[in-house]
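The values are calculated or read from the model by the stated rules, or taken from the named source; none is laboratory data. Computed from a predicted model, the values in this text were never measured in an experiment. In this analysis, Cβ positions are derived from the backbone assuming ideal geometry, glycine residues included, and neighbour counts consider all displayed protein chains. Protein only, heavy atoms only, side chains kept; ligands, DNA and RNA dropped before computing areas. Shrake-Rupley method; radii C 1.70, N 1.55, O 1.52, S 1.80 Å.
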Amino acid sequence: MITPAFELTQDPDFLTVKIRVPYARASEFDIYFEGEDFKFYAKPYFLRQLTLPGRIVEDGREKASYNTDEGTFTIRLPKENPGQYFEGLDMLTSLLAPKKSRSATPLVEEMAASAELSEDNEEEFDWEVEQIPYEESTPPLQHPYGFGNLRSGVFQRLQDELSDVIDIKDPDQTPAEERRRQRLAAEAAKFEPDHYLADFFEDEAIKHLLKYKPWWIDAHKKMTALQGESHQEHDSPAFVVFSEEEREQMRKFTNKSYLLDKRSRRHVYLGLIDILLAYCYEICVNEGDKNVESSWNIRKLSATLCWLEVSFSSIHDVLVSFGRRVLCYPLYRHFGLVTRAFNDTVMILQLGKAAVLKCLLDIHKIFMESDPAYILNDLFITDYCVWIQKVKSKKLAALCESLQKTTLSKSHMGLELEELEAAAVLVQEEEKALKAAGTVSKQQLLCSESETSDSEESSSTSSSETEGSDSDEQESSTSEDGEINSFQGTLQEERTAPLIDCNGLRQGTNTSAMEVGDGKSKVSLQSTTPSGKLVEELEMQIHSAMRLSEQPEGLATAGCISQEQEENPVPEPDRFSEDAAGKGNFLEVSPKPNPFLFLCSRNEDED
């Protein structure tokens with residue numbers, strides 16, 4: 001028989017059951033309802049039994065109709081207590097459960113032994129049967145995990161799938177505390193400060209992701225707007241709608257009852273928060289789209305799924321674990337995403353168990369489409385999907401309130417986030433200061449370069465002027481040399497009568513002995529002294545009485561001798577000598593032919 005697709009809705013007075021039975025014979029169907037029971041049959045469809053959350057009654061107001069185009073039956077059943085709200089009509093798996101037995105008879109009874117059973121009637125024991133001594137086999141130490149810590153030994157049979165699903169190496173032989181220690185060590189080793197700081201400072205992509213609004217935000221706004229408008233209790237089904245695919249998922253689940261002790265129930269609730277946090281992160285960073293990384297994101301960020309964590313002691317521990325894993329593993333490692341996932345989880349819990357179930361069904365579908373992750377459905381998600389349908393709304397409300405009161409900050413992560421951020425800000429400020437100083441120095445360098453170029457231009461201008469003045473001086477000195485030569489010729493022409501000493505050499509009165517051919521001293525003096533001084537010296541020489549020795553052929557070669565001495569400056573010894581009486585002696589004869597020899601006398605009266 002086929003279990004048909006069905007849907008239940010309600011208004012204050014009626015419960016409506018809509019059953020889809022395509023290709024069924026509408027002329028042959030049976031409907032049975034009484035109290036909390038409802039049954040339907042239309043070959044080949046059979047809805048064996050629905051256990052309703054409230055009582056219905058047969059009073060003549062019931063009504064049924066069939067839509068041939070859609071192939072659906074719509075049945076309206078009056079409520080026994082008009083205005084009563086039936087909770088959990090979307091929890092299809094729990095509605096399909098058989099009605100619980102209300103018998104007070106204990107499930108296990110001690111039966112009295114029959115009086116006929118006595119030692120006389122017992123069969124004779126065969127003592128010859130081979131006896132094998134009993135050896136107590138101590139099973140390997142098993143550490144439970146999974147939903148409610150109800151599983152163990154699973155990964156011994158699935159070693160090939162182990163590394164692709166969870167991070168712990170040998171969960172069946174690893175105690176809960178050791179799992180926790182290994183998890184914390186792995187997170188500390190995986191944390192990368194550079195990656196975190198890069199997302200912290202360059203957060204344009206993060207800001208864009210935080211603007212995304214999943215479906216529960218609009219549903220939460222509608223619920224908040226309707227709160228207080230009616231005395232009727234509003235549950236999340238008024239705001240959460242299941243798709244046909246999700247309804248089919250719920251119909252395929254096998255209904256179960258879970259016997260959990262107080263400690264196991266606590267772990268189940270804390271594990272639910274951990275899984276929802278990871279799911280909210282995945283929806284936010286992918287903006288509601290599914291990809292190949294969706295399964296990895298959910299199971300990697302949830303320590304319950306990835307490390308089979310069962311040692312959470314409080315909601316705060318769950319938040320710290322999730323926050324650390326967000327900052328260590330995924331692509332986007334920003335504390336703002338941790339806060340966003342926290343707020344989204346609070347909204348989902350406030351919407352009620354229908355919203356929680358919708359998220360769990362989506363996770364179940366994601367894991368089913370991922371080859372290795374389907375094991376986590378068997379260990380956790382399927383049981384969560386069945387269990388959540390039976391949870392009382394007050395329990396979820398209390399859990400949501402506790403979660404809402406819990407605070408989480410960066411200092412709780414144990415990764416020195418605030419210190420890293422402060423150090424990074426200081427480095428950034430120093431870089432800005434160095435950059436500003438570099439800009440100023442560059443500007444100063446440009447200014448100095450411009451000033452240097454200006455000074456070079458001025459110096460080049462002054463040097464050109466200096467070169468011009470030097471050339472002018474050289475020209476003037478050349479002209480002066482010409483004047484000197486011409487003046488020497490004049491002196492030669494206007495010479496006085498020569499005076500001959502005892503040695504036969506000529507001597508003049510009141511003259512200065514000087515060698516015109518002393519090119520080095522003369523030329524260097526003329527080249528280094530200003531032109532004005534040269535003129536004055538020439539004037540002094542003009543006014544002084546000069547006597548030239550008569551050497552006719554030497555006059556023609558005077559200029560040549562001066563030029564040769566300028567080209568080959570050789571220091572010569574002083575050719576002047578004076579006696580104690582102050583009279584001038586004749587100069588030594590130069591080895592060169594026809595030298596100019598000047599004889600000077602200090603006393604003009606000796607003429």
In order over region 287-301: 3J(HN,Hα) from phi, Karplus 6.51/-1.76/1.60, θ = phi - 60°, whole Hz, x for each Gly or Pro, gives 6, x, 8, 9, 9, 5, 8, 4, 4, 5, 4, 5, 6, 6, 7
Taking 309-322, 58-71, 273-286, 373-386 and ranking on average Cβ neighbours within 10 Å, highest first, one gets 273-286, 373-386, 309-322, 58-71
Ranked highest first by the average count of other Cβ atoms within 10 Å around their residues, in what order do 332-343, 164-175, 392-403 fall?
332-343, 164-175, 392-403
With every protein chain left in place, what is the accessible area per residue of region 5-96 in square angstrom, probe 1.4 Å?
51 Å²
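Only loop residues by DSSP count here, and only those with at most 12 other Cβ atoms within 10 Å; note down the chymotrypsin sites (Phe, Trp or Tyr not before Pro) in region 1-46 that meet that.
For chymotrypsin sites (Phe, Trp or Tyr not before Pro) across region 1-46 that sit outside H, G, I, E and B with at most 12 neighbouring Cβ atoms in 10 Å, the list reads TYR23.
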Over 25 Å between alpha carbons, listed pairs LYS252/LYS358; LYS290/LYS353; LYS18/LYS394; LYS63/LYS394
LYS18/LYS394; LYS63/LYS394
With label points built 7 Å along Cα→Cβ from the Cα atoms of GLU369 and GLN227, find their separation and express it in nm.
3.4 nm
Put a dot 7 Å past each Cα toward the Cβ at SER257 and MET540; how far apart are the dots in nm?
14.2 nm
FRET efficiency for ASP11 and SER409 from the Cβ-Cβ distance with R0 = 45 Å, rounded to 0.05, comes out at 0.45
Test of understanding: what is the full-extension gain from GLN142 to LYS432, defined as 0.36 nm times their sequence separation minus their Cα-Cα distance?
98.5 nm
Over what distance in Å are the Cα centres of region 327-366 and region 146-223 separated?
12 Å
